[in-house]
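The values are calculated or read from the model by the stated rules, or taken from the named source; none is laboratory data. Only a predicted model underlies this, so the values are computations on that prediction, with no experimental measurement involved. Here the Cβ positions follow ideal geometry from the backbone for every residue, glycine too, while neighbour counts run over all protein chains shown. What goes into the accessible areas is simple: the full protein's heavy atoms, side chains included, and nothing from ligands, DNA or RNA. Shrake-Rupley method; radii C 1.70, N 1.55, O 1.52, S 1.80 Å.
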Amino acid sequence: MNLDDKIKLIEALAETSPKGATVIGLSNKINIPQSSLREFFQANKDYICSVGGSEKYVLNRTGPYQASKDAIIKDLYLREQKSKEQAIWVYIIIAFLAGFIVAESLP
């Protein structure tokens, strides 16, 4: 899922509070595959939790973000930014190593 999809999901869940929404209902509403939603739910329990063991999901009220849509979206942006920065560093290191190898192989 890209950042826009994650934001759409968080906003859709915020609208369904406090009753929650099913994976099927969310998938139909925001047009994201159910498998992607389930994967996101499993990986982000600080953001989302199930309602009393049912098939419905809501924003996590007991997690560090206290079911705050804005706090969750801000964290998503920060994670995306950090991921981009890490990718840039990987490219820099690869370029440096490639340059070093080429320089060492020259007579």
#### Entry: Residues that are closer than 13 Å to residue 72 by Cα and touching a strand residue (DSSP E or B) at 6+ places or on another chain (Cβ under 8 Å), drawn from the stretch 33-47
47
### Query
Which residues, counting only those in the stretch 40-59, are in contact (Cβ under 8 Å) with a residue 12 or more places away in the chain and closer than 20 Å to residue 4 by Cα?
40, 41, 45, 46, 47, 48, 57, 58, 59
## Note on the structure
the stretch 14-107: helices (runs of 4 or more DSSP H) wholly inside it with 3 or more residues that are among the small types (Gly, Ala, Ser) are 34-43, 69-105
### Task
Would you check if residue 65 is open to solvent by less than 100 Å² (accessible area, probe 1.4 Å) and in contact (Cβ under 8 Å) with a residue 12 or more places away in the chain?
yes
#### Entry: Boolean, residue 66 is under 19 Å from the mean Cα position of the chain (by Cα), modelled with pLDDT under 90 and over 19 Å from residue 5 (Cβ atoms)
yes
### Subset of the stretch 1-30 that is over 14 Å from the mean Cα position of the chain (by Cα) and of a type in the set (S, T, N, Q) - its residue that is farthest from residue 52 (Cα to Cα)
28
